[in-house]
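Have a look at the structure below before the remarks.
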Amino acid sequence: MNTAEQTLFLIKTRGPQTAQQLAALLELTSMGARRQLEAWQEKGMLTYEDVADKRGRPSRRWLLTEAGHARFPDRHADLTVQLIDQVRGLFGEAGLDKLIAAREADSERQYRLHLHNAGALPERVAALVRARSSEGYMAEVETRDDGALLLVENHCPICAAARRCQQFCRSELDLFQRVLGADCTVGRVEHMLDGARRCVYVIKAV
(Lines give C-alpha, C1' and ligand atoms only; values in the text may rest on other atoms or scores of the structure.)
Protein backbone atom coordinates (compact mmCIF):
# COMPACT_ATOMS: atom_id res chain seq x y z
CA MET A 1 0.00 0.00 0.00
CA ASN A 2 1.54 3.31 -1.06
CA THR A 3 1.53 6.47 1.04
CA ALA A 4 -1.51 7.94 -0.70
CA GLU A 5 -3.57 4.80 -0.09
CA GLN A 6 -2.31 4.58 3.50
CA THR A 7 -3.62 8.10 4.05
CA LEU A 8 -7.17 7.08 3.10
CA PHE A 9 -6.90 3.81 5.02
CA LEU A 10 -5.84 5.55 8.24
CA ILE A 11 -8.70 8.05 8.05
CA LYS A 12 -11.12 5.20 7.31
CA THR A 13 -9.99 3.13 10.29
CA ARG A 14 -9.15 5.88 12.79
CA GLY A 15 -11.70 8.54 11.93
CA PRO A 16 -11.00 12.25 11.33
CA GLN A 17 -7.30 13.12 11.58
CA THR A 18 -5.22 16.29 11.57
CA ALA A 19 -2.29 16.68 9.20
CA GLN A 20 0.02 16.47 12.21
CA GLN A 21 -1.50 13.20 13.38
CA LEU A 22 -1.19 11.68 9.93
CA ALA A 23 2.37 12.95 9.56
CA ALA A 24 3.34 11.04 12.72
CA LEU A 25 1.55 7.87 11.59
CA LEU A 26 3.02 7.99 8.08
CA GLU A 27 6.46 9.24 9.17
CA LEU A 28 6.15 12.30 6.96
CA THR A 29 6.64 15.99 7.55
CA SER A 30 3.48 18.01 8.22
CA MET A 31 3.88 19.56 4.77
CA GLY A 32 4.16 16.12 3.18
CA ALA A 33 1.00 14.96 4.95
CA ARG A 34 -0.87 18.08 3.86
CA ARG A 35 0.12 17.45 0.25
CA GLN A 36 -1.36 13.95 0.45
CA LEU A 37 -4.56 15.29 2.01
CA GLU A 38 -4.99 18.11 -0.48
CA ALA A 39 -4.40 15.74 -3.40
CA TRP A 40 -7.25 13.52 -2.18
CA GLN A 41 -9.39 16.59 -1.58
CA GLU A 42 -8.95 17.63 -5.20
CA LYS A 43 -10.16 14.18 -6.25
CA GLY A 44 -13.25 14.55 -4.07
CA MET A 45 -12.23 11.80 -1.64
CA LEU A 46 -11.58 13.95 1.43
CA THR A 47 -13.03 17.03 3.05
CA TYR A 48 -12.25 18.77 6.33
CA GLU A 49 -13.83 20.44 9.31
CA ASP A 50 -12.27 23.06 11.57
CA VAL A 51 -12.82 22.19 15.24
CA ALA A 52 -11.92 24.56 18.08
CA ASP A 53 -9.72 22.90 20.68
CA LYS A 54 -9.38 23.82 24.34
CA ARG A 55 -6.86 26.56 23.58
CA GLY A 56 -9.35 28.19 21.22
CA ARG A 57 -7.30 27.70 18.07
CA PRO A 58 -9.20 25.73 15.41
CA SER A 59 -7.82 22.32 14.50
CA ARG A 60 -8.38 21.14 10.91
CA ARG A 61 -9.50 17.52 10.82
CA TRP A 62 -9.74 15.57 7.59
CA LEU A 63 -12.44 13.01 6.91
CA LEU A 64 -13.70 10.86 4.06
CA THR A 65 -16.42 12.07 1.73
CA GLU A 66 -19.08 9.68 0.48
CA ALA A 67 -16.89 9.08 -2.57
CA GLY A 68 -13.97 8.34 -0.27
CA HIS A 69 -15.94 5.70 1.62
CA ALA A 70 -17.02 4.23 -1.73
CA ARG A 71 -13.39 3.42 -2.60
CA PHE A 72 -13.50 0.58 -0.10
CA PRO A 73 -15.11 -2.78 -0.95
CA ASP A 74 -18.91 -2.78 -1.08
CA ARG A 75 -19.55 -6.27 -2.43
CA HIS A 76 -21.20 -5.08 -5.62
CA ALA A 77 -23.77 -2.87 -3.90
CA ASP A 78 -26.02 -2.14 -6.88
CA LEU A 79 -26.42 -5.79 -7.81
CA THR A 80 -27.06 -6.78 -4.20
CA VAL A 81 -29.80 -4.19 -3.77
CA GLN A 82 -31.38 -5.24 -7.06
CA LEU A 83 -31.43 -8.89 -5.99
CA ILE A 84 -32.98 -8.01 -2.62
CA ASP A 85 -35.75 -6.08 -4.37
CA GLN A 86 -36.36 -8.97 -6.77
CA VAL A 87 -36.55 -11.56 -3.99
CA ARG A 88 -38.96 -9.34 -2.07
CA GLY A 89 -41.06 -8.79 -5.18
CA LEU A 90 -41.17 -12.45 -6.21
CA PHE A 91 -41.40 -14.20 -2.85
CA GLY A 92 -42.48 -11.50 -0.39
CA GLU A 93 -41.04 -10.83 3.05
CA ALA A 94 -41.21 -14.54 3.90
CA GLY A 95 -38.91 -15.33 0.99
CA LEU A 96 -36.50 -12.60 2.04
CA ASP A 97 -36.48 -13.95 5.59
CA LYS A 98 -35.51 -17.38 4.23
CA LEU A 99 -32.68 -15.83 2.24
CA ILE A 100 -31.34 -14.05 5.31
CA ALA A 101 -31.67 -17.20 7.42
CA ALA A 102 -29.69 -19.20 4.84
CA ARG A 103 -26.94 -16.56 4.77
CA GLU A 104 -26.87 -16.49 8.57
CA ALA A 105 -26.57 -20.28 8.79
CA ASP A 106 -23.69 -20.29 6.31
CA SER A 107 -21.91 -17.50 8.22
CA GLU A 108 -22.41 -19.33 11.50
CA ARG A 109 -20.75 -22.46 10.11
CA GLN A 110 -17.78 -20.43 8.91
CA TYR A 111 -17.38 -18.52 12.17
CA ARG A 112 -17.56 -21.68 14.27
CA LEU A 113 -14.70 -23.09 12.21
CA HIS A 114 -12.67 -19.96 12.94
CA LEU A 115 -13.47 -20.19 16.67
CA HIS A 116 -13.00 -23.96 16.92
CA ASN A 117 -9.66 -23.84 18.76
CA ALA A 118 -10.32 -20.60 20.68
CA GLY A 119 -10.74 -21.01 24.43
CA ALA A 120 -11.20 -17.94 26.62
CA LEU A 121 -13.53 -15.14 25.59
CA PRO A 122 -10.73 -12.79 24.38
CA GLU A 123 -9.44 -15.58 22.12
CA ARG A 124 -12.91 -16.15 20.69
CA VAL A 125 -13.42 -12.46 20.02
CA ALA A 126 -9.99 -12.23 18.36
CA ALA A 127 -10.89 -15.19 16.13
CA LEU A 128 -14.21 -13.58 15.19
CA VAL A 129 -12.37 -10.33 14.37
CA ARG A 130 -10.06 -12.21 12.01
CA ALA A 131 -13.05 -13.85 10.33
CA ARG A 132 -14.85 -10.54 9.89
CA SER A 133 -11.71 -8.83 8.58
CA SER A 134 -11.35 -11.54 5.95
CA GLU A 135 -14.84 -10.56 4.76
CA GLY A 136 -13.89 -6.91 4.35
CA TYR A 137 -15.18 -5.38 7.60
CA MET A 138 -11.77 -3.95 8.67
CA ALA A 139 -12.45 -5.34 12.13
CA GLU A 140 -10.34 -4.90 15.25
CA VAL A 141 -10.72 -5.49 18.97
CA GLU A 142 -10.27 -2.98 21.79
CA THR A 143 -10.44 -3.41 25.57
CA ARG A 144 -12.39 -0.89 27.64
CA ASP A 145 -11.27 0.29 31.07
CA ASP A 146 -13.97 -1.87 32.66
CA GLY A 147 -12.60 -4.99 30.94
CA ALA A 148 -15.35 -5.25 28.32
CA LEU A 149 -14.20 -6.03 24.78
CA LEU A 150 -15.15 -3.90 21.82
CA LEU A 151 -15.49 -5.51 18.40
CA VAL A 152 -14.97 -2.55 16.06
CA GLU A 153 -15.87 -2.70 12.37
CA ASN A 154 -14.49 0.26 10.43
CA HIS A 155 -16.15 -0.70 7.16
CA CYS A 156 -19.34 -2.45 6.07
CA PRO A 157 -19.00 -4.25 2.72
CA ILE A 158 -22.74 -4.97 2.66
CA CYS A 159 -23.87 -1.49 3.73
CA ALA A 160 -26.10 -0.95 0.69
CA ALA A 161 -27.87 -4.25 1.34
CA ALA A 162 -28.26 -3.46 5.04
CA ARG A 163 -29.81 -0.08 4.25
CA ARG A 164 -32.36 -1.74 1.97
CA CYS A 165 -33.03 -4.63 4.38
CA GLN A 166 -32.14 -4.01 8.01
CA GLN A 167 -32.77 -7.64 8.94
CA PHE A 168 -29.16 -8.21 7.89
CA CYS A 169 -27.95 -6.16 10.86
CA ARG A 170 -30.34 -7.78 13.34
CA SER A 171 -29.20 -11.15 12.04
CA GLU A 172 -25.52 -10.34 12.66
CA LEU A 173 -26.09 -9.26 16.25
CA ASP A 174 -27.85 -12.55 17.08
CA LEU A 175 -25.18 -14.48 15.20
CA PHE A 176 -22.32 -12.95 17.21
CA GLN A 177 -24.09 -13.87 20.44
CA ARG A 178 -24.49 -17.51 19.39
CA VAL A 179 -20.96 -18.10 18.16
CA LEU A 180 -19.29 -16.33 21.11
CA GLY A 181 -21.29 -18.38 23.61
CA ALA A 182 -23.60 -18.08 26.59
CA ASP A 183 -20.88 -16.83 28.95
CA CYS A 184 -21.05 -13.31 27.49
CA THR A 185 -23.49 -10.67 26.31
CA VAL A 186 -23.22 -8.84 22.98
CA GLY A 187 -24.73 -5.42 22.30
CA ARG A 188 -24.32 -2.85 19.54
CA VAL A 189 -23.29 0.62 20.76
CA GLU A 190 -22.44 2.30 17.44
CA HIS A 191 -24.16 1.65 14.12
CA MET A 192 -23.37 2.96 10.65
CA LEU A 193 -27.04 2.89 9.69
CA ASP A 194 -27.70 5.36 12.51
CA GLY A 195 -25.05 7.73 11.15
CA ALA A 196 -22.01 6.49 13.08
CA ARG A 197 -18.62 6.27 11.39
CA ARG A 198 -18.31 2.59 12.30
CA CYS A 199 -20.16 -0.30 13.90
CA VAL A 200 -19.09 -1.21 17.45
CA TYR A 201 -20.24 -4.17 19.56
CA VAL A 202 -19.58 -4.35 23.29
CA ILE A 203 -18.93 -7.85 24.63
CA LYS A 204 -19.07 -8.51 28.36
CA ALA A 205 -18.39 -11.71 30.31
CA VAL A 206 -21.25 -12.91 32.53
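Would you tally the residues in the range 151-206 being at pLDDT below 80 and either among the β-branched types (Val, Ile, Thr) or touching a strand residue (DSSP E or B) at 6+ places or on another chain (Cβ under 6 Å) (or both)? Full working, then the answer.
Taking the range 151-206 first, the residues at pLDDT below 80 are 157-171.
Next, from what is left, pick out any that are either among the β-branched types (Val, Ile, Thr) or touching a strand residue (DSSP E or B) at 6+ places or on another chain (Cβ under 6 Å) (or both): 158.
Adding up the residues that qualify gives 1.
Checking ALA127 against (1) modelled with pLDDT under 90; (2) outside any loop (DSSP other than H, G, I, E, B), which test does it fail?
If we test ALA127 against (1) modelled with pLDDT under 90; (2) outside any loop (DSSP other than H, G, I, E, B), just (1) comes out false.
Surrounded by 13 or more Cβ atoms within 10 Å (Cβ to Cβ), modelled with pLDDT of 85 or more and in contact with a helix residue (DSSP H, G or I) (Cβ under 6 Å, 6 or more places away or on another chain): is that true of LEU22 in this structure?
Details: surrounded by 13 or more Cβ atoms within 10 Å (Cβ to Cβ): yes; modelled with pLDDT of 85 or more: yes; in contact with a helix residue (DSSP H, G or I) (Cβ under 6 Å, 6 or more places away or on another chain): yes.
Answer is yes for this residue.
If I ask for residues that are open to solvent by 20 Å² or more (accessible area, probe 1.4 Å) and either aliphatic (A, V, I, L, M) or in contact with a helix residue (DSSP H, G or I) (Cβ under 6 Å, 6 or more places away or on another chain) (or both), which ones from the range 160-187 would you list?
ALA160, ARG164, GLN167, LEU173, ALA182, VAL186
On the given criteria, is GLU153 open to solvent by 20 Å² or more (accessible area, probe 1.4 Å) and either under 27 Å from LEU63 (Cβ atoms) or charged (D, E, K, R) (or both)? Explain how you work it out, then say what you get.
On the way: open to solvent by 20 Å² or more (accessible area, probe 1.4 Å): no; either under 27 Å from LEU63 (Cβ atoms) or charged (D, E, K, R) (or both): yes.
No, not satisfied.
For every residue, the table says whether it meets (1) in contact with a Cys (Cβ under 8 Å, 6 or more places away or on another chain); (2) among the hydrophobic types (A, V, I, L, M, F, W, C).
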| position | (1), (2) |
| --- | --- |
| LEU128 | no, yes |
| GLY136 | no, no |
| ASP145 | no, no |
| ILE158 | no, yes |
| CYS165 | no, yes |
| LEU173 | no, yes |
| ASP194 | no, no |
| LYS204 | yes, no |
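If the Cβ limit is 9 Å and pairs must be 6+ apart or interchain, which residue in the range 19-31 that is over 17 Å from THR47 (Cα atoms) and outside any helix (DSSP H, G or I) pairs with which residue that is modelled with pLDDT under 90 and β-branched (Val, Ile, Thr)?
Partner pairs satisfying both residue conditions: LEU28/THR3.
Go through the range 36-56 and report how many residues are more than 15 Å from ALA67 (Cβ to Cβ), surrounded by fewer than 16 Cβ atoms within 10 Å (Cβ to Cβ) and at pLDDT 90 or above.
1
Enumerate the pairs (first residue in the range 159-170 and under 14 Å from LEU99 (Cα atoms); second residue anywhere and among the polar types (S, T, N, Q)) with beta-carbon separation below 7 Å, excluding pairs fewer than 6 apart on the same chain, so at least 6 apart or on different chains.
Note: pairs meeting the criteria are ALA161/THR80.
Which condition number does LEU8 fail, the rest of (1) open to solvent by less than 70 Å² (accessible area, probe 1.4 Å); (2) among the hydrophobic types (A, V, I, L, M, F, W, C); (3) within 21 Å of the chain's Cα centre (by Cα); (4) over 21 Å from ALA196 (Cβ atoms) being met?
For LEU8, the failing item is (4).
The values are calculated or read from the model by the stated rules, or taken from the named source; none is laboratory data. Just so it is clear, the model here is predicted, and its values are computed rather than measured. Virtual Cβ from ideal backbone geometry, glycine too; neighbours counted across all protein chains shown. Protein only, heavy atoms only, side chains kept; ligands, DNA and RNA dropped before computing areas. Shrake-Rupley method; radii C 1.70, N 1.55, O 1.52, S 1.80 Å.
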